[in-house]
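Everything below concerns the one structure shown next.
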Amino acid sequence: MKQQPAIDLSPKVSDELRKTTCYMCACRCGINVHMKGGKVAYIEGNRDHPVNKGVLCAKGSAGIMQHNAPSRLRAPLKRVGARGSGEFEEISWDEALKIATDWLAPIRESDPSKLAFFTGRDQSQSFTSLWAQAYGTPNYAAHGGFCSVNMATAGIYTIGGAFWEFGQPDWDHTKLFMLFGVAEDHDSNPIKMGIGKLKARGARIIGVNPIRTGYNAVADDWVGITPGTDGLFILSMIHCLMKAGKIDLHYLAQYTDAPVLVNCDEKSPDFGLFLRDDNGKELVIDRNTGRLAAFDSPGIRPDLAATHRAAGVTHRPVFHQMAEKYLNEEYAPEAVADRVGITATRIRAIAAELARVAFEEAFELPHEWTDFRGEKHRSMTGRPVSFHAMRGISAHANGFQTCRALHVLQIILGSVEVPGGFRFKPPYPKPAKAHPKPHAACSPCSPLNGPHLGFVQGPEDLALKDDGSPARIDKAFTWENPMSSHGLMHMVISNAHAGDPYKIDTLFMYMANMSWNSSMNTGGVMEMLTDTDENGDYVIPRIIYSDAYSSEMVAFADLILPDTTYLERHDCISLLDRPICEADAAADAIRWPVVQPYRNVRGFQSVLCDLGARLKLPGFINEDGSAKYADYADYIVNHMRRPGIGPLAGFRGPQGDQSGRGDAHPEQLQRYIDNGGFFVEHIPEGANYYKPWNAAYQDWAVKMGLFDAPQPYLFSLYVEPLRKFQLAAEGHGTRQPPEHLRQRIKDHMSPLPIWYEADQQGNAGYDITALTQRPMAMYHSWGGQNAWLRQIHGHNPLYLPSNLMREHGLKDDDWARVTSPHGEIIVPVKGMAALNENTIWTWNAIGKRKGAWALRPDAPEATRGFLLNHLIHELLPPKGDGLRWANSDPITGQAAWFDLKVRIEKADAPMETEPSYSPQSSPVGTGPGEIAWKIRS
């Protein structure tokens, strides 16, 4: 027998292993970075990491190509050509920081609101917001306003948390898992791992999405819903469950505001508000005594049915309001089926299956626990139904109420924070009242009067000037969108250009590709950024931008502060910001420079530390005026947000042996590095369910510094702050909305979830919905330059359902003209059977502008890739009243990306997709034809 060759099946690929945190999406997975000769050789998942347990997706593995991308910026840049031309000269960091300081210092001395500082998906918002607060501008937010603010805000107002990083399904006990509007980019590895567990156990998965890809493709049942009608579908299921009596009455009475009494006198200025005691606590009727009691009184049994009459006013429980609203036949499946695109029979069947699993497959875990009223329980009841939702249901003008409706569905099933249901991740649960309120009072040479973003409790919390005009450039926290908890980043450039509500001097942005895929009305925004006034001066006078790569936005900046790649920097994935916790543990993590950059670049957060010191910002200088922090690493270790609480929870105190609370430990970062780049503190057994009401969890959370005192609360089926805005619109109170907004506030800001159709003004003749999704293999627009990921998604066709392909005489790889009330594109198409019959879609952020990202002018991303952004305007079509109406949710300001309506027709094949813009000049030029380096001896 011929001897077989000896093959090394596990060749050594590295001589050193460095563990850090991935940045290729928002999962923040742990990675092992294999080094050879001081260079990155290979990236794999870290098996010890709490988020991914070794699992790594295509994006994470391709981080090596991100780190070596030819499009990386190389040095600070000063514009020398016209704005938008991409013509720059390299300058030193001293000159760059002097220019930035010379621009920013006079603004702070005269009117800090003339600076608009907005960041993208930077994952360091607790730090960047602190810098903006110290500077004194009210104009700060991150990308949440055009991403999923509806999801986060609805969840926090309703249950004290939401999906994504706020919580997760109980993967070990769930038997029925229902997804709404979830693409593959968010939380991808944990969801894939969780779905794997469910499949192994034979649990059922239902996917609700107009498009069947990714998670929906592996679901047992796919519900191809009509876009924008998820809320109506959910409310119809609530109707079915309530009518059948398939709701958890005990859970509703004990842990929610269902028994809380509401003023029902229409003539009262308090109509629709809760009855409260002298301490401001919500009042219920105790079934034991028949008397009024505060909701948290020991030993009470709140009554869902009893009413109370005092001083001629009848007070009825929230549960009565729910029954009146949702038992109405307008929510019957037969009444909604045509609009949602789901048969009445199927709606009833899904509702019945939710009830069957929740109640007939209920179980008990033998964990003793004590609730916030002091009652001891011998076990924990499990309702094995869980849900997950994301941008698909939130990026509509009715998204806030839709997300609220989904949480109400969870609540009536008793499936939140119980075994088998949806579980919070620390530092959540945290009710809206535990969060700060927004602040916007600024004055020269002073910090802002508090945090920029927060959760309003009524009209008194709006960010308005004394004359009633918006205090913020994006008009967040105004009557136009009162609960805009993440700001409205998509409106900043448009409002600044229009001078509405006022002009700004400097636009300062970080990692936000607002001239291309992160902006509605892409062509219009590029014109706004380059527009000049009658004197030839730019309407937006100065633009400072920081990015690691030569993105489309770089060409429109006047000053570039080049960032590092994620393998060259310190970062902090903090409990103060967007943590990586699991339902059973608090966790945080770091990134650290596993390699040093050879280019003249600096981590943006370190640059902010330097700028803060140069500008003499409070919190960034010592008493003698010297810099407080040498760099971001110094800040991470030594900053104290409040006594004993810093950016990182692990390895605190003099010896590094304290968790949560403790003094700064000088070796903290090294301890994180030695521990694999992360820290975990597990929740004690018996404290890990029923968190909002579990005394043991509340005590543990105080010990960890998540909050300073126990704060049990009731879930809010009825969101009282919404009713306060309605009352103002009805004429009550001293702070009144403008006349043109009164009816909109009354119609949309219902304290119980409702459904309404998005504004269809100007959409006549445009009856097809056009959507985008991010693919599993890409997240940021920067994925489109990645040498490996480009081979998966080098261009993006427009997918049409089979019926529309036939109707328009189209076949695969034909071209179609797609027209909206705002614009037109001509793009290649492909047919797709598993798609809602009146919906078309494409992958987001694949298309690139020529000259950007170091791609060749004939790159497929630039010739066959495209954006739907060209069809979407940041404003609704004019109504003839002279007002600018944002294309946003009227409650939160969430960008309504998915309300886009279009028409299509077959088109002759052009040379490339249209519109096509002239190539940008790039400070890094065009990359090589291939990228290769040797990593093995």
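The values are calculated or read from the model by the stated rules, or taken from the named source; none is laboratory data. Just so you know, these numbers come straight off a predicted model, no measurement behind them. Cβ: placed from backbone, ideal geometry, glycine included. Neighbour counts: every protein chain shown.
Has the stretch 794-813 got any residue that is touching a residue at least 12 places away in the same chain (Cβ under 8 Å), within 30 Å of Val408 (Cβ to Cβ) and not hydrophobic (A, V, I, L, M, F, W, C)?
Checked the stretch 794-813: no residue is touching a residue at least 12 places away in the same chain (Cβ under 8 Å), within 30 Å of Val408 (Cβ to Cβ) and not hydrophobic (A, V, I, L, M, F, W, C).
Residue by residue through the stretch 25-44, note down the ones that are touching a strand residue (DSSP E or B) at 6+ places or on another chain (Cβ under 7 Å) and either free of Cβ contacts under 8 Å to residues at least 24 places away in the same chain or within 19 Å of Gln168 (Cα to Cα) (or both). Explain how you work it out, then say what you get.
Residues of the stretch 25-44 touching a strand residue (DSSP E or B) at 6+ places or on another chain (Cβ under 7 Å): 28-35, 40-44.
Result: Arg28, Cys29, Gly30, Asn32, His34, Ile43, Glu44.
Take the residues in the stretch 1-53 that are part of a loop (DSSP other than H, G, I, E, B) and of a type in the set (S, T, N, Q), then tell me which one is farthest from the chain's Cα centre (by Cα).
The residue in question is Gln3.
Give the number of residues within the stretch 575-624 that are more than 30 Å from Gly38 (Cβ to Cβ) and of a type in the set (Val, Ile, Thr).
1
Here is a check on your reading of the model: is Ala132 in the same structural domain as Ile493 (by TED's automatic domain parsing), crowded, with 24+ Cβ neighbours inside 10 Å and outside any loop (DSSP other than H, G, I, E, B)?
yes
Just name the residue that is nearest to Ala244 (Cα to Cα) out of those in the stretch 314-371 that are β-branched (Val, Ile, Thr) and without any contact (Cβ under 8 Å) to a residue 60 or more places away in the chain.
Applying the filter and picking the extreme gives Thr345.
Name the residues in the stretch 526-572 that are surrounded by fewer than 24 Cβ atoms within 10 Å (Cβ to Cβ) and under 17 Å from Pro919 (Cα atoms), would you?
Met526, Glu527, Thr530
Applying the selection to the stretch 87-119, what residues are surrounded by 13 or more Cβ atoms within 10 Å (Cβ to Cβ) and among the acidic types (Asp, Glu)?
Residues satisfying the conditions are Glu87, Glu90, Glu95, Asp111.
Across the stretch 646-699, which residue is nearest to Ile580 (Cα to Cα) among those that are over 29 Å from the mean Cα position of the chain (by Cα) and in contact (Cβ under 8 Å) with a residue 40 or more places away in the chain?
Step by step, filter the stretch 646-699, then rank; the result is Glu685.
Look at the stretch 626-650 and say how many of its residues are surrounded by 22 or more Cβ atoms within 10 Å (Cβ to Cβ), within 23 Å of Ala585 (Cβ to Cβ) and not β-branched (Val, Ile, Thr).
5
Got a number for residues in the stretch 480-508 being within 21 Å of Ile156 (Cβ to Cβ) and assigned to a loop (DSSP other than H, G, I, E, B)?
So the count comes out to 8.
Checking Ile543 against (1) assigned to a loop (DSSP other than H, G, I, E, B); (2) in contact (Cβ under 8 Å) with a residue 60 or more places away in the chain: exactly one of these is not met. Which one?
(1)
Among what's in the stretch 513-540 and is touching a Lys or Arg at 6+ places or on another chain (Cβ under 8 Å) and closer than 25 Å to Asp563 by Cα, pick the residue that is modelled with the lowest pLDDT.
It comes out as Trp516.
What is the residue count in the stretch 661-675 for residues that are buried (at least 20 other Cβ atoms within 10 Å of the Cβ) and part of a loop (DSSP other than H, G, I, E, B)?
2
Mind listing whichever residues of the stretch 579-595 are over 19 Å from Gly676 (Cα atoms) and either among the acidic types (Asp, Glu) or more than 25 Å from the chain's Cα centre (by Cα) (or both)?
Asp584
How about the stretch 303-418: which helices (runs of 4 or more DSSP H) wholly inside it have at least 2 residues that are modelled with pLDDT under 95?
In the stretch 303-418, 391-394 are the helices (runs of 4 or more DSSP H) which contain 2 or more residues that are modelled with pLDDT under 95.
Residues that are under 26 Å from Thr565 (Cβ atoms) and part of a helix (DSSP H, G or I): does the stretch 68-91 have at least one?
The answer is no, given that none of the residues of the stretch 68-91 is under 26 Å from Thr565 (Cβ atoms) and part of a helix (DSSP H, G or I).
Just for the stretch 723-748: of the residues that are among the aliphatic types (A, V, I, L, M) and touching a residue at least 40 places away in the same chain (Cβ under 8 Å), which one is surrounded by the fewest Cβ atoms within 10 Å (Cβ to Cβ)?
Per the criteria, the residue is Leu741.
Among the candidates Ala116, Ala100, single out the residue that is out of contact with any Pro (no Cβ under 8 Å at 6 or more places or on another chain), in the same structural domain as His439 (by TED's automatic domain parsing), in a strand (DSSP E or B) and in contact (Cβ under 8 Å) with a residue 60 or more places away in the chain. Outline the logic, then answer.
Values: Ala100 fails: in a strand (DSSP E or B).
Among Ala116, Ala100, only Ala116 is out of contact with any Pro (no Cβ under 8 Å at 6 or more places or on another chain), in the same structural domain as His439 (by TED's automatic domain parsing), in a strand (DSSP E or B) and in contact (Cβ under 8 Å) with a residue 60 or more places away in the chain.
Pairs, please: C-beta under 6 Å, at least 6 apart or cross-chain, first residue in a loop (DSSP other than H, G, I, E, B) and in the stretch 619-636, second surrounded by fewer than 18 Cβ atoms within 10 Å (Cβ to Cβ) and not β-branched (Val, Ile, Thr)?
Lys628/Asn622
Please name all residue pairs, on different chains or six or more residues apart, with Cβ atoms under 8 Å, provided the first residue is in the stretch 838-851 and is within 14 Å of Arg774 (Cα to Cα) and touching a residue at least 12 places away in the same chain (Cβ under 8 Å) and the second residue is part of a loop (DSSP other than H, G, I, E, B) and of a type in the set (Lys, Arg).
As it stands, the answer is Trp843/Arg774; Asn844/Arg774; Ala845/Arg774, since those pairs meet every condition given.
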